[in-house]
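J.: Sharing a structure below in C-alpha cells format, with a few things to ask.
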Amino acid sequence: MSYLALLLAFKILLTLGVIWVYGTHPIKKLNALSGQWGDSPMTYRLYAVATAALLVGYAVALVDALSGQINTGLLLMGIISNGGAALVLMAWSGHPTLRAPAYVFGSVAIGFVLALVFPGYALAPLVG
C-alpha cells in the first residue's frame, strides 16, 4: 500500500463517519455538534448525501492509487473539498469544537497537494 492509498483509506473512513453522523443523528445533537440551530434536519441530511458523492470519488481514487496511478481530477476534488472545509471552519466558525476538524481537513488537503506535486513518493510502497 502506498502513502496516497493510506491517505485515501483514512479519508474514506473519515467520510463514512461524517455521513453516519449527519445522516442519522437527531437534530438537537447535530445543532450542538455544529454550533448551528434549526428545527429541520434537512440541511444536515443533504450534507450527508453530498458527502456520499465525495465518498465515491475517494473510492475511485483509492482503486487508482492501488493500481499505481494518480487520479488528478479526484485529488483536485479532494483539495477543494477538504481545503475549503478547513478554510470555512477556521474563518467563519466561532464554535471552538470545530477547530480540530478544520486541522484534519486541512491536513488531508495538504496531503493531496503533496501527492500531486510528488507523485513518485505518493505512490511508493510504505514498506519494502
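The values are calculated or read from the model by the stated rules, or taken from the named source; none is laboratory data. Note that the structure is predicted; figures quoted are calculated from it, not measured. Note that we place each Cβ from the backbone using ideal geometry, even for glycine, and neighbour counts take in every protein chain shown. Heads up: the accessible areas ignore ligands, DNA and RNA and are worked out on the full protein's heavy atoms, side chains in. Shrake-Rupley method; radii C 1.70, N 1.55, O 1.52, S 1.80 Å.
J.: Taking SER93 as the residue in question, decide whether it is at pLDDT below 95, among the polar types (S, T, N, Q) and buried (at least 16 other Cβ atoms within 10 Å of the Cβ).
T.: When the stated conditions are applied, SER93 passes them.
J.: Would you please name the residue that is nearest to ILE110 (Cα to Cα), looking only at residues in segment 10-44 that are exposed (fewer than 15 other Cβ atoms within 10 Å of the Cβ) and at pLDDT 95 or above?
T.: Here the answer is LEU13.
J.: Follow-up question, since we're still on this one. For segment 10-31, enumerate the residues that are within 11 Å of the chain's Cα centre (by Cα) and closer than 12 Å to LEU55 by Cβ.
T.: The answer is LYS11, ILE12, LEU13, LEU14, THR15, LEU16, GLY17, VAL18, ILE19.
J.: Now a separate question. Going by what's in this entry, would GLY68 be described as under 20 Å from ALA9 (Cβ atoms), modelled with pLDDT of 95 or more and surrounded by fewer than 17 Cβ atoms within 10 Å (Cβ to Cβ)?
T.: yes
J.: Between a first residue in segment 95-116 that is assigned to a helix (DSSP H, G or I) and a second residue that is of a type in the set (Ser, Thr, Tyr) and open to solvent by 50 Å² or more (accessible area, probe 1.4 Å), which pairs have beta carbons less than 7 Å apart while being 6 or more apart in sequence or on different chains?
T.: Pairs found: LEU116/THR72.
J.: While we're looking at this one, here's another question. Exactly one condition in (1) over 24 Å from LEU6 (Cα atoms); (2) among the hydroxyl-bearing types (Ser, Thr, Tyr); (3) open to solvent by 40 Å² or more (accessible area, probe 1.4 Å); (4) free of Cβ contacts under 8 Å to residues at least 24 places away in the same chain is not met by TYR47; state its number.
T.: Going through the list (1) over 24 Å from LEU6 (Cα atoms); (2) among the hydroxyl-bearing types (Ser, Thr, Tyr); (3) open to solvent by 40 Å² or more (accessible area, probe 1.4 Å); (4) free of Cβ contacts under 8 Å to residues at least 24 places away in the same chain, TYR47 breaks only (4).
J.: Right, here's the next one. Mind checking which pairs have a first residue in segment 73-91 that is without any contact (Cβ under 8 Å) to a residue 40 or more places away in the chain and under 14 Å from VAL113 (Cα atoms) and a second that is charged (D, E, K, R) and surrounded by fewer than 20 Cβ atoms within 10 Å (Cβ to Cβ), Cβ under 8 Å, 6 or more apart or different chains?
T.: LEU74/ASP64
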